[in-house]
1. Could you put Val136, Val225 in order, starting from the residue whose Cβ has the fewest other Cβ atoms within 10 Å?
2. Determine which residues of region 228-269 fall in the zone a paramagnetic label at Asn157 would reach in this model, i.e. backbone nitrogen under 16 Å from the point 7 Å along Cα→Cβ.
3. PRE reach from Arg280 (point 7 Å along Cα→Cβ): which of region 293-331 fall under 18 Å by backbone N?
4. Hey, fewest Cβ within 10 Å first, where do Ser247, Ser133 land in order?
5. As a footprinting exposure proxy, order Lys230, Lys221, Lys206 by other Cβ within 10 Å, with the fewest listed first.
Amino acid sequence: MRAGSGSGPARCSALHPAAAERDGLPDEEIAVLAGEKQREAGVLFRRGQTAERDLAFQRCLKGFSGLELLFQLRYPRFRFGGSGLQCAVAVAAATAGLRCIIHIPERYHTRRLQEMVEQGAEIVRVEGDYECSIEVSRELAVQKELYDANPGGTNSNLQLRTYGEIANEIYDELRDAPRAVAVPVSNGTTLAGVYKGFLSLYRRGKTSRIPMMIAGSSWNKNSIVESFLKMRLACEDLHPNRIRETSINEPLINWHSADGDPALEAIRKTRGWAANASDRVLTRFARLIREKEGLNVLPASTAGLVALVERHRSIPLESDRYVVILTGRRE
């Protein structure tokens, strides 16, 4: 069931719990700084697994002892590697002795679902799309007085602060802020959180600057990118019935971005930019990274890299350090 045109999400309902069962970049423009490998090209690939794992454990272990944990799953984001956010939440909740409820849109299927179930997570299928699953899980959080870990909710500030740890990781590697940080965006939480992290570092005198924030997403299917390109003052919703999901773009598309406004503010305040990428280009970049660097990355996670490279092709970037955030694992 798709949400209706222009009038917000259609009726959403939770179903029964289930226990069953995304032309290449020139070689000289690619570099990896992942602890063991660095070249002079100046592009830094940060794999998102550590940040997602830490986010999950911080959510579970920081001040929530004795509370139940509610988290909404958006499949198939972070499906590569062993530290996907949803599985990490399930593991962390089990470690902390907390109950974990994960809402999944009914039509989404993931091989990692069984891993969550094995960790004791309760899976609830939701009739509708991603936004519907958020709505249902938030309602349950209010009704049962559970911790709501959905993006853009009452605990958004905590989530943004936690994503800010990515900025600290980058600072630890570079000992200053890079010229720019490119991020794939869906809800905008990661980009907004990384910006806040660098803003904190700058205010504390740790860095000499705040990096430009660059957002990349699926072509005409993300409200943050579209609002930026159309120069809207705030993040405006798209028409749900005009969005076509594919196995490639699904982690990126959002007709309503929960943290869209802070993400849009971050891009503008840092004089960054946002750009679209087609499924074909995302797939090509993922394949190139796998062939050249041995990193198996989700095609959607290359959206930030695409936005950075396409700008460089039209307006050459000055020599400096540029960071690209990816999610994947080394083969």
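1. Working: Val136 23, Val225 32.
Fewest-to-most ranking of Val136, Val225: Val136, Val225.
2. In region 228-269, the label zone of Asn157 (backbone N under 16 Å from the point 7 Å along Cα→Cβ) covers 262.
3. What the label zone holds, given the 18 Å backbone N cut-off, is 299-300, 303, 306-307, 310.
4. Values: Ser247 11, Ser133 28.
So the ranking, lowest neighbour count to highest, is Ser247, Ser133.
5. Result, fewest neighbours first: Lys230, Lys206, Lys221.
Read the figures in this text as sums done on the coordinates, not as results from a lab. Just so we're clear, the structure is a prediction, and the values are computed from it rather than from any experiment. Cβ: placed from backbone, ideal geometry, glycine included. Neighbour counts: every protein chain shown.
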